[in-house]
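J.: The structure follows.
Every number in this text was worked out from the coordinates using simple rules, so none of it is lab data. Just so it is clear, the structure is predicted and the values come from calculations on it, not from any experiment. Here the Cβ positions follow ideal geometry from the backbone for every residue, glycine too, while neighbour counts run over all protein chains shown.
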Amino acid sequence: MKSRAPQVCVLGSAEPGSPAYELAGAAGEFLARRGVTVVSGCGSPATRHAAERALAAGGLVVSIVPSNDIGLHDWPCTVLIPSGMGDARNLMMALAGDACIVIGGRAGTISEVCLAWLHHRPLLPLTGCGGWSDQLERNPPDERQNSKIVSWGSIAELERALAGLGLVQAHG
C-alpha cells in the first residue's frame with residue numbers, strides 16, 4: 001500500500017509584486033513539482049498565488065476555507081474543504097501539514113503558527129522579505145522548543161529545509 005504524499009501548509013500574507021509574493025508562488029510550484037500536496041486557505045494574495053502556481057505545475061492543492069460555502073468555483077484548489085468555522089479553521093490549517101511554510105504574516109498567520117508550534121509541526125519561515133516571518137526563528141512562540149524552525153530565503157534553501165525534514169529528496 002502506497003503511503004500518502006507529504007503535505008505542506010502555506011501560511012501568511014504578502015502583496016502582489018513583492019519579493020515575498022513571488023517566492024510564495026515559486027514555493028507552491030516547487031512543492032507541486034516535487035509531489036508535495038499544498039495545503040492553503042488561499043485567503044491572502046500570497047497563499048492564493050502559491051496555490052495557483054502549484055495547480056499550474058500539475059500539483060494537488062487542498063484549500064481549507066473559513067466559510068461553509070462549497071460553491072467557491074473560482075477558488076484555486078483541487079480539494080475544497082469549507083470548514084464553516086471562521087477563524088477557528090486555523091487549527092485545521094496548523095494540523096494539515098507535515099510542516100508549515102510561513103510567509104510574512106498578520107494576526108491570522110500568527111495564530112496558525114502558534115497552533116502549529118503547540119502541535120509540534122515544523123515551521124519554515126521566509127526571511128529577508130519583511131513581515132512577521134522574518135522574526136520567527138529568533139523569536140519563537142515560546143521557550144518550549146516544540147518544533148524545528150528552519151528559515152529560508154530562496155527556493156534552494158527551502159529545498160534544503162524540506163530535505164532536512166525528510167519531506168523531499170535533495171537534488172544534486
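J.: Where the only charges are on Cβ atoms (+1 Lys, Arg; -1 Asp, Glu), what is the dipole of the chain about its Cα centre, to the nearest 20 debye?
T.: 460
J.: Trypsin sites (Lys or Arg not before Pro), restricted to the stretch 42-143: which are DSSP loop and have at most 16 other Cβ atoms within 10 Å?
T.: The qualifying sites are R106, R138.
J.: Which Cys residues of the chain have no other Cys beta carbon under 4.7 Å away?
T.: By the Cβ distance rule, which asks for a partner under 4.7 Å, the isolated cysteines are C42, C77, C114, C129.
J.: Just rank M92, M85, fewest to most, by other beta-carbon atoms within 10 angstrom.
T.: M85, M92
J.: Sticking with this one: How do S154, S40, S133, S83 line up, fewest other C-beta atoms within 10 Å first?
T.: If I rank by nearby Cβ atoms, fewest first, I get S154, S83, S133, S40.
J.: How many angstrom lie between the Cα centre of the stretch 5-29 and the Cα centre of the stretch 88-118?
T.: First find each Cα centre; the distance between them is then 14 Å.
J.: Here is a follow-up. Over the stretch 6-88, what is the mean sequence separation of C-alpha contacts under 8 Å (at least six apart), divided by residue count, expressed as relative contact order in percent?
T.: 26
J.: Moving to a separate point now. Which log10 I(q)/I(0) values, to two decimals, does the stretch 54-172 give at q = 0.17, 0.22 Å⁻¹ under the Debye formula with one point per Cα?
T.: Each listed q maps to, in turn, -0.95, -1.33.
J.: Select from W132, I81, V168 the residue farthest towards the positive end of the dipole of the chain; place +1 on Cβ of Lys and Arg, -1 on Cβ of Asp and Glu, and compute about the Cα centre.
T.: V168
J.: Can you work out ³J(HN,Hα) from phi for every residue in the stretch 68-82, in order, using Karplus 6.51 cos²θ - 1.76 cosθ + 1.60 and θ = phi - 60°, giving whole Hz and x for Gly and Pro?
T.: Whole-Hz 3J(HN,Hα) from phi for the stretch 68-82: 9, 7, 7, x, 7, 5, 9, 6, x, 7, 8, 10, 10, 10, x.
J.: Along the charge dipole of the stretch 14-67, Cβ charges K/R +1 and D/E -1, which of T37, A56, S67 sits furthest on the positive end?
T.: Of the listed residues, the answer is T37.
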